[in-house]
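First comes the structure, then the notes that go with it.
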Amino acid sequence: MSSHKNIIIALDEGTTNAKAVALDAAGKVIVKFNQPLSIQTPREGWVEQSGMALVEASVKVIAQAIEAVGAENVAALAISNQRETAIGWYRSNGTPLHAAISWQCSRTADFCDALRRDNKEQAIKAVTGLPVAPLFSGSKMRWLIESTPNGQALAANGDICLGTIDSWLLWNLTAGESFYCDYSNAARTQLLDLQSGRWSPEMLDIFQIPAAALPEIKPSSGLFGYTKNVVGIPDGIPIMSMVGDSHAALFGHALGEAGCVKATYGTGSSVMAPVTSAQCNIHSLATTLAWHDGEQLIYGLEGNIPHTGDGVAWMADSTGLSELPEAELAAELNSLPASVESTLGVYFVPALTGLGAPWWDENARGVICGLSRGVKRAHLIRAALEAITYQIADVVTAMRQHNDFSLTALMVDGGPTKNDWLMQYQSDLLGCPVMRSDVPELSAIGAALLARKAVGQLSLDELKQYLYPHSEFRPNMERHGRLQKRWREWQQAVERTLHKF
């Protein structure tokens, strides 16, 4: 890396925001820009976003960051992205076939039910590490083909491109010259063979996805292409990493150190642990590829929860708190749960479009139980926040079945982690330290670290100097014992939501 070209600009394209940060030679954030994104729900259970809006917002914040630091100082771009969201486009002109189908969308639930009835789930999980669920991209890609006139033939001829958001952004940043995805995103499609690291012919057949429509898979750290013909972005800037946002956050916390389990708190949550094998026999969890750092593949054990921060937002809206200015709302969410000693027996299970790990029931719907005359807004808000911690603890319990799993600390990131009450409750519930990254751009930082590794040809030991410090919440073990009863009662509430028909 030359003395002046030492800045890496990292894009974090999420569900509700596109963010770009510029990191200097020491790995510190020096500027950041943000552009909000909208979500559409045209039918019950359907969640989608405009593919062009995702590109426009991403380009805008990247261009702002480049202008702020000077293009002559930019060594590389890095991309972290919302995972499982799928999009298709015509290869000839880049026009989307349809809106991008969000990871939250359950429109393919019937197809997933059919796979289970046909006894395909065991074979799918053995190859891909993923349970059958509408969350993953493969069934979404199938829907896109089926919803496009002559879609199957066009896809088979390579006239249609199908990709996760990393490949869609890359295509647009390189004027269609690069059609790749990284291992972490490929692993979330349910089309990748975990053992070989290649698209699985068996899975392509099950999901009826022609290989000609899919991108080539590359390591998460390395050259993906160069910017070209993008307004506001100079040509020729190398794109040196692409990685799913949750994977990027895990890398950004501790570079994948054993025992450092990551929980990202956002609209939904991803709990991910680095492991050394592709053990796939835990039905309720996904085994995935965490990343390829340019030297080796790293596996990840993961549980995905669709509604955590989203559940709190729903409760804030339902109780009138969402009408407050953002700063006042954050203060209330921090103070209200601490203002009451308990929820008075109220439990909120935010299965707003179904339950994810470890339950995996897309037909489940949310429930608030235990209401009594004395329940006030503070109790309901506390119940919504407690629900985040219980869902994460449920996933950690399932993870303990894996031979390689260990938990020395829960490494946390995301907007809701700013709530000190929530972090202490999580630590007390799990009985282990919670280490909070106080840098909100951790996914972007993880992607930037992977880019810096490739640009500077650095080792993992050399990358450690770029890691950010964490704030620590230590467990109160006496309270830990008391909270186990509440956790069991939460699990009873979950049973009320499960689809029984």
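Of LYS120, LYS453, the residue with the largest accessible area leads and the full order is LYS120, LYS453 (1.4 Å probe).
Solvent exposure of ARG107, expressed as accessible area, is near 30 Å², computed with a probe of 1.4 Å over the protein chains only. When peptides 227-236, 280-289, 180-189, 388-397 are sorted by average Cβ neighbour count within 10 Å, with the highest value leading, the order is 180-189, 388-397, 280-289, 227-236. The order of ARG377, ARG198 by accessible area, most exposed first and with a 1.4 Å probe, is ARG198, ARG377. Heavy-atom surface analysis with a 1.4 Å probe gives the stretch 7-254 a carbon and sulfur content of 48 percent of its accessible area. In this view, the solvent-accessible surface of PHE179, computed with a 1.4 Å probe and all protein chains in place, comes to about 30 Å². Solvent-accessible surface of the stretch 7-254, taken per residue with a 1.4 Å probe and all protein chains present: 34 Å². Dipole size of the chain about its Cα centre, with +1 on Lys/Arg Cβ and -1 on Asp/Glu Cβ: approximately 800 debye, rounded to the nearest 20. When you work out D = kT/(6 pi eta Rh) for the stretch 7-254 at 25 °C and 0.890 mPa s, using the Kirkwood radius from C-alpha pairs as Rh and the Stokes-Einstein form, the result is 135 µm²/s.
Per-residue surface analysis assigns TRP314 an accessible area of about 110 Å², computed on protein heavy atoms at 1.4 Å probe radius.
Taking the DSSP bridge list for the chain and keeping only pairs wholly inside it, about 70 percent are antiparallel.
Applied to the stretch 479-487, the Karplus parametrisation 6.51 cos²θ - 1.76 cosθ + 1.60 on θ = phi - 60° returns per-residue 3J(HN,Hα) values of 5, 3, x, 5, 6, 5, 5, 4, 5 Hz, with x for Gly and Pro.
The values are calculated or read from the model by the stated rules, or taken from the named source; none is laboratory data. None of these values were measured; they are calculated from a predicted model. Cβ: placed from backbone, ideal geometry, glycine included. Neighbour counts: every protein chain shown. Each accessible area value is taken on the protein alone, full model and side chains, heavy atoms only, with ligands, DNA and RNA left out. Shrake-Rupley method; radii C 1.70, N 1.55, O 1.52, S 1.80 Å.
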